[in-house]
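J.: Got a structure for you, written out below as structure tokens; questions coming shortly.
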Amino acid sequence: MVVAFFGTTILAVVAYRFLPVYVTPLMIIRLVEQMKEGKELRLHHHWVQYQEISEYLPMAVIASEDQRFMEHHGFDFKAIEYAAKRNKTQKNKRRLGGSTISQQTAKNVFLWPDRTWVRKGLEAYFTVLIEMMWTKERIMEVYLNSIEMGDGIYGADAVAEWHFSTTAKELAKGQCALIAASLPNPRKYDSAHPSRYMLRRKAKIIREMNYLSNISSQQKSGN
């Protein structure tokens, strides 16, 4: 059983290094929830290559979700430590998770949404595997294609169509910032109809995007 587990999971990670991810466990779970609640089934998802996604969307999610994405190897221990301290001292505020884009990708593609230690342990395992076997660009490509971005909406191209009547490639900077602002809870925060809170988040994310872009430019120029 142990050999079968490691063999099948490693093969799955290797396969998804090259193959599109057309369905995830969360998509199936949401469909089951919709059926149980008697709702119309909604699953909008179109796989697109990394080059077919607006250059602003990776910048926006990095600025919002994981600013050290290009530097860490799957786990941002500084962010985890900060989240733990903040959650302990400020219990009345929204809890921070500290999960990286790599961890979220591992969870979305291979696992289910849960807070048990077993799920978290498997998430760490798959995070190590994808960081070893995939490039950062591939991790970002899978992340942007598979994460939930609205009610029954998954991935950049589907949210571009249903919320902004455009394609993933044509998403503007502000639209990408709104999508990133919705990611903590995309079924509560609607990027098509942003609340005041989301508009404030959008402005902050754009500032962070500009800052990160300036830092990147300085590093490339050698200054």
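The values are calculated or read from the model by the stated rules, or taken from the named source; none is laboratory data. In this text, all values refer to a predicted model and were calculated from it rather than measured experimentally. Quick reminder, even Gly has a Cβ in these numbers, built from the backbone with ideal geometry, and neighbours come from all protein chains shown. Note: accessible area is taken over every heavy atom of the protein model, side chains too, but ligands, DNA and RNA are not part of it. Shrake-Rupley method; radii C 1.70, N 1.55, O 1.52, S 1.80 Å.
J.: Check Arg119, Arg115 and return the single one that is farther than 25 Å from Ile53 by Cα, out of contact with any helix residue (DSSP H, G or I) (no Cβ under 6 Å at 6 or more places or on another chain), open to solvent by less than 40 Å² (accessible area, probe 1.4 Å) and free of Cβ contacts under 8 Å to residues at least 40 places away in the same chain.
T.: Only one candidate passes the filter, namely Arg119.
J.: Out of Arg200, Arg196, Arg207, Arg138, which single residue is under 16 Å from the mean Cα position of the chain (by Cα) and basic (Lys, Arg)?
T.: That would be Arg138, the only listed residue that is under 16 Å from the mean Cα position of the chain (by Cα) and basic (Lys, Arg).
J.: Among the residues of the stretch 158-180, count how many are buried (at least 20 other Cβ atoms within 10 Å of the Cβ) and farther than 20 Å from Ser102 by Cα.
T.: Here the count works out to 8.
J.: Can I ask one more? For Ala124, all conditions in the list (1) touching a residue at least 60 places away in the same chain (Cβ under 8 Å); (2) under 16 Å from the mean Cα position of the chain (by Cα); (3) farther than 19 Å from Leu43 by Cα hold save one; what is the number of the exception?
T.: That leaves (1) as the condition not met.
J.: Pick from Ile10, Ile80: which is at pLDDT 95 or above, more than 20 Å from Asp157 (Cα to Cα) and not in a loop (DSSP other than H, G, I, E, B)?
T.: It is Ile10.
J.: Here's a follow-up. Out of Met35, Met27, I need the residue that is open to solvent by less than 40 Å² (accessible area, probe 1.4 Å) and either out of contact with any helix residue (DSSP H, G or I) (no Cβ under 8 Å at 6 or more places or on another chain) or not in a helix (DSSP H, G or I) (or both). Which one?
T.: One residue alone meets the criteria, Met27.
J.: Moving on to the next point. List pairs: first in the stretch 1-30 and within 22 Å of Leu144 (Cα to Cα) and in contact (Cβ under 8 Å) with a residue 24 or more places away in the chain, second surrounded by 14 or more Cβ atoms within 10 Å (Cβ to Cβ) and acidic (Asp, Glu), Cβ under 8 Å, 6+ apart or cross-chain?
T.: Close Cβ pairs satisfying both conditions: Leu26/Glu148; Arg30/Glu148.
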